[in-house]
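Here is the structure we will look at, set down as structure tokens.
Only the coordinates and a few stated rules stand behind these numbers; no lab work does. Values in this document were obtained by computation on a predicted structure and should not be read as measured data. Note that each Cβ is placed from the backbone with ideal geometry, even for glycine, and that neighbours are counted across all protein chains shown.
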Amino acid sequence: MSDGSPTIVDMPRRESEAEVVARHKKALSDALRPVLEAMDAAKADGFICSWNIGHDYAGRAAIVSLKLVKEF
């Protein structure tokens, strides 16, 4: 039951732009770490690896090119 006095409700806290960027940067770095390790392993076996990520026809992130070339 309300006695008629106003109720104060805190607004939910929103992330700042800097916090959003830091969160995404950490997620991307964590996700790419195994890729970098795989590239180092390929390099140790004499291969050069290069890749590009972009967007496909539907705007989804996709591997645009992936090359693995034996270095002589």
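Using a simple spin-label model with pseudo-atoms 7 Å out from Cα toward Cβ, MET11 and ALA61 lie 3.0 nm apart.
Here is how the number arises for the chain: DSSP H runs of 4 or more residues each give -39500 (n - 2.57), the sum is divided by the residue count, and the result at 222 nm is -14000 deg cm²/dmol.
Computed about its Cα centre, the charge dipole of the chain is approximately 280 debye, with only Lys, Arg, Asp and Glu carrying charge at their Cβ. Once backbone amide H atoms are built at 1.01 Å from N, PHE47 has GLU71 as its partners under 5 Å, excluding neighbours fewer than 5 places away on the same chain. Here's the thing: no lysines lie within a cross-link span of LYS25, going by alpha-carbon distance under 21 Å and ignoring same-chain residues fewer than 8 apart. Candidate cross-link partners of LYS67 among the lysines, defined by an alpha-carbon separation under 23 Å and a same-chain spacing of 8 or more, comprise LYS43. Using C-alpha pairs below 8 Å separated by at least 6 residues, the relative contact order for segment 17-70 is 25 percent.
With N set to the residue count of the chain, report its C-alpha Rg divided by 2.2 N^0.38 Å to two decimal places.
Numbers: Rg = 23.4 Å, N = 72, 2.2 N^0.38 = 11.2 Å.
Scaled against compact globular proteins, the figure is 2.09.
For segment 17-70, the residue among TRP51, PRO34, ALA18 whose Cα projects farthest onto the positive side of the dipole built from Cβ charges is TRP51.
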